[in-house]
Amino acid sequence: MKKIGLLLFLILAVALMGGSAFGQSDYFVTYFSNANTGGAPNAAIRFINDGNTEANLWVDYYVFDDSQELQECCSCEVTPDGYNSEWINSAKTDSLTGNTVTGKVLTRGVIKIISDSAGNPTAVVPTYGLWGTAVHVQNTAFNGPASYSVTETPVSNACLSPSEETLLENLCSYAQVLGSGKGVCSCTPEDHDF
C-alpha cells in the first residue's frame with residue numbers, strides 16, 4: 001500500500017510541474033494590456049539564457065491580438081548567460097507590436113514563446129534553458145480618468161503539444177510570406193533598453 005501511495009505522489013508531483021523536470025519549460029505564455037494607449041507606460045518581456053546548454057538559444061515570440069489572430073512573430077538570439085528584452089508598444093521601432101501583419105494597432109493580446117535552439121520561428125527545435133518575466137500595465141481606475149499600475153511577473157510555463165508547435169510554425173510562416181514584410185517583429189541586440 002505504501003508503494004502505491006509513493007507512486008501516486010510522484011505522478012502528482014510530475015503533473016504539477018507541467019510534466020517537465022523541476023518545473024522547467026520550453027514553452028511559455030503571457031498577455032499584454034493597455035499597450036499603445038495614451039498615458040499608459042510601456043511594457044516589456046525579458047528573457048535570460050541560463051547557460052545550462054552552453055549554447056545560444058532563441059526566444060521565439062508569437063504575438064496574437066485580442067481576436068486570437070497572429071499579428072507578429074520573430075526569433076531573438078540570447079547567448080549563454082545573456083539577456084533579451086523586447087518592448088511591447090509600437091512607438092518603439094524594436095517592439096513586438098510595431099509591424100503587425102494587418103496594420104492594426106494592438107492594445108491587448110497574448111504572447112506565446114518557445115525556447116528554441118534553431119533560431120527559426122517557422123521550424124523550431126524546442127530546448128530548455130530560457131527563463132522570463134513580463135511587465136504588465138494595469139488600468140487601476142474603474143471610474144474616472146485612467147490611472148496605471150505596473151507589475152512584473154514570471155511568464156507562465158505551458159505544455160507545448162506537437163499540434164500547437166506545428167500551428168505556431170505555420171501561422172508564422174504564413175505571416176512572413178503573405179505579410180510582404182509585415183508581421184515580423186524586430187529584436188533588440190543583447191541588451192541595453194533599461
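Nothing in this text is a laboratory measurement; each read-out follows from the coordinates by a stated rule. Computed from a predicted model, the values in this text were never measured in an experiment. As a convention, Cβ positions derive from the backbone with ideal geometry for all residues, glycine included, and neighbour counts pool all protein chains shown.
Ranking 79, 61, 118 by how far each Cα lies toward the positive end of the dipole of region 46-129 (charges on Cβ) leaves 61 at the top. Taking the Cα centre of region 99-194 as origin and assigning +1 to Lys and Arg Cβ atoms and -1 to Asp and Glu Cβ atoms, the resulting dipole is close to 420 debye. Debye calculation, C-alpha points only, no solvent: report log10 I(q)/I(0) for region 86-194 at q = 0.15, 0.21 Å⁻¹, in the same order as the q values. For the requested q values the scattering log ratios are -0.82, -1.42. Backbone N atoms of region 150-174 closer than 20 Å to the 7 Å Cα→Cβ label point of residue 50 belong to residues 153-161.
Just how large is the dipole of region 25-178 about the Cα centre, in debye to the nearest 20, putting +1 at every Lys and Arg Cβ and -1 at every Asp and Glu Cβ? All intermediate terms of the calculation are to be shown ahead of the outcome.
Working: 5 positive and 17 negative charges, 118 e Å.
Charge dipole of region 25-178: 560 debye, to the nearest 20.
Cβ-Cβ distance of residue 83 and residue 117, R₀ of 25 Å, FRET efficiency by 1/(1 + (r/R0)^6): the value works out to about 0.90.
For the residues 159, 73, what sequence is obtained by ranking on other C-beta atoms within 10 Å, fewest first? The partial results should precede the final answer.
Working: 159 11, 73 27.
The fewest-first ordering by Cβ neighbours comes to 159, 73.
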